[in-house]
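Read the structure below first, then the notes.
Read-outs throughout are calculated quantities, based only on the coordinates presented, and are distinct from any laboratory measurement. These figures come from a predicted structure and were not determined experimentally. Here the Cβ is made from the backbone with ideal geometry for all residues, glycine too, and neighbour counts use every protein chain on show.
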Amino acid sequence: MTTTRVEIRQAGLAIEVPEGRTILEVALEQGIDYPHGCRSGRCGSCKSRLVAGEVDLLDHTRFALSTEEKAQGLILACRALPRTDAAVAWLGGDEEVANHPRRRLHCRVVSIEDATHDIKRIRLAVEDGAPLTFTAGQYARVTFPGAPTRDYSMANWPNEPELEFHIRRVPGGAVTTRTHALLKLGDPVTVEGPFGSSYLREKHAGPILCIAGGSGLAPIKSIVETALEHGIKQPIHVYFGVRTERDLYLVDHFEGLEARHTNLTFMPVLSETPQQAKWRTGFVTDAVGQDLQDLDGWKAYVAGPPAMVDAAMVVMTARGLRPHDLHADVFFTPEDAPAAQAAKA
């Protein structure tokens with residue numbers, strides 16, 4: 001198989017990228033902490049300068065990389081297929097970096113709860129050493145017994161003694177189907193991490209917007225709880241989008257946080273429920289657009305399925321959110337396999 005040599009300037013390393021694979025995918029496999037978020041050409045977190053060489057770019061959104069930026073020599077590492085030997089440098093400018101040692105932990109299942117009809121809250125105790133150090137919003141690679149490795153976001157605070165993951169069962173999911181049916185207390189689980197750049201920027205002094213779809217509430221929970229625990233006082237708006245009432249979870253928990261913290265607003269939104277008095281209905285991104293007219297100077301954290309993340313980007317940029325203030329964590333499922341595979345091709 002043909003390979004190309006790509007120099008990663010900040011890492012001081014060169015990687016061999018096989019034909020048909022992206023720079024980001026291979027860099028992450030080689031243990032390089034390349035900034036990234038969605039890994040599918042949506043968020044722009046892996047935007048980089050092509051210092052030398054040529055690449056082909058897979059499909060991506062204009063939000064992540066505009067025509068003007070491409071003309072200036074910028075690329076997305078998650079979409080870049082090298083055509084020649086190349087050199088790239090990711091863009092700097094973020095004053096906060098999640099620089100944690102990457103670890104491989106041996107854990108045991110200590111709690112399994114039904115959060116909804118198709119989401120389980122699973123807690124793991126670390127058996128070998130200190131708790132996992134990460135920044136709120138990051139994810140880990142988790143290997144449950146007898147199942148392939150998958151990425152899941154931590155829902156707990158950093159440095160808590162137990163790790164919490166929210167696992168949604170999806171049709172055809174090799175991991176989620178097995179986990180929901182067979183996982184037991186005491187089962188061994190391997191966790192490697194942390195990864196990801198959609199994490200809380202604590203130095204940011206402006207308002208914060210969090211949008212979660214389904215089990216995307218996991219990293220949002222970690223971000224919000226950590227922000228409140230660390231005394232962040234600016235407004236924090238949390239929108240939680242699900243289909244129907246039976247898909248809601250942790251509502252009492254967030255309403256309790258809202259009652260104790262005057263700067264927190266929590267808004268569940270149901271997309272497949274007729275309009276009624278108890279819950280707000282419609283698309284969660286429409287609710288955001290109706291409530292918040294000017295997002296200039298805000299930080300936004302978005303976690304959930306690809307369609308929701310795409311819609312959120314459109315709404316937020318139309319209201320003035322700056323591209324570098326959006327941090328997205330896209331939750332792929334088996335239904336999204338073509339897009340996910342393209343991201344890893």
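Summary of values
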item: Residue of 306, 207, 219 that the Gaussian network model of the chain assigns the largest fluctuation, springs spanning Cα pairs under 10 Å; result: 207
item: Hits among lysines - C-alpha to C-alpha of residue 233 under 20 Å, sequence gap 8 or more where chains match; result: 203, 221, 299
item: Spatially proximal aspartates and glutamates relative to residue 70 (Cα-Cα < 14 Å; intrachain offsets below 8 disregarded); result: 54, 56, 59
item: The chain, relative contact order [Cα under 8 Å, separation at least 6], %; result: 16
item: Cβ crowding within 10 Å averaged over residues, with 239-246, 150-157 ranked highest first; result: 150-157, 239-246
item: Dipole of the chain, positive end: most advanced residue of 315, 232, 107 [Cβ charges, Cα centre]; result: 107
item: Net charge dipole size for the chain [Lys, Arg +1 and Asp, Glu -1 on Cβ; Debye, nearest 20]; result: 240
item: Pair residue 203, residue 281: separation of 7 Å Cα→Cβ label points (nm); result: 4.6
item: Given charges at Cβ of Lys, Arg, Asp, Glu: region 103-195 dipole, positive-most of 182, 194, 126; result: 182
item: Alpha carbon Rg of region 208-344, scaled by the compact-globule rule 2.2 N^0.38 Å; result: 1.03
item: Computed label-point distance, nm, for sites residue 1 and residue 307 using a 7 Å Cα→Cβ extension; result: 3.3
item: Hits among aspartates and glutamates - C-alpha to C-alpha of residue 184 under 17 Å, sequence gap 8 or more where chains match; result: 113, 114, 118, 127, 162, 164
item: Potential extension, residue 322-residue 255 segment - 0.36 nm per residue separation minus Cα distance; result: 21.2 nm
item: Pairwise FRET efficiency - residue 110 versus residue 159, Cβ, R0 = 22 Å, nearest 0.05; result: 0.80
item: Sequence ranges 99-106, 274-281, ranked by mean other-Cβ count within 10 angstrom, highest first; result: 99-106, 274-281
item: Exposure proxy ranking, count of Cβ atoms within 10 Å, fewest first, for 123, 5; result: 5, 123
item: Beta bridges per DSSP with both ends in the chain, % antiparallel, nearest 5; result: 60
item: Packing-based order for 20-27, 126-133, using average beta carbon neighbours within 10 Å, highest first; result: 20-27, 126-133
item: From the coordinates shown, Kirkwood radius over Cα pairs in Å corresponds to which of [x] 23.7; [y] 20.7; [z] 22.3; result: [y]
item: Region 1-54 and region 258-272: distance between their alpha carbon centers, rounded to Å; result: 38
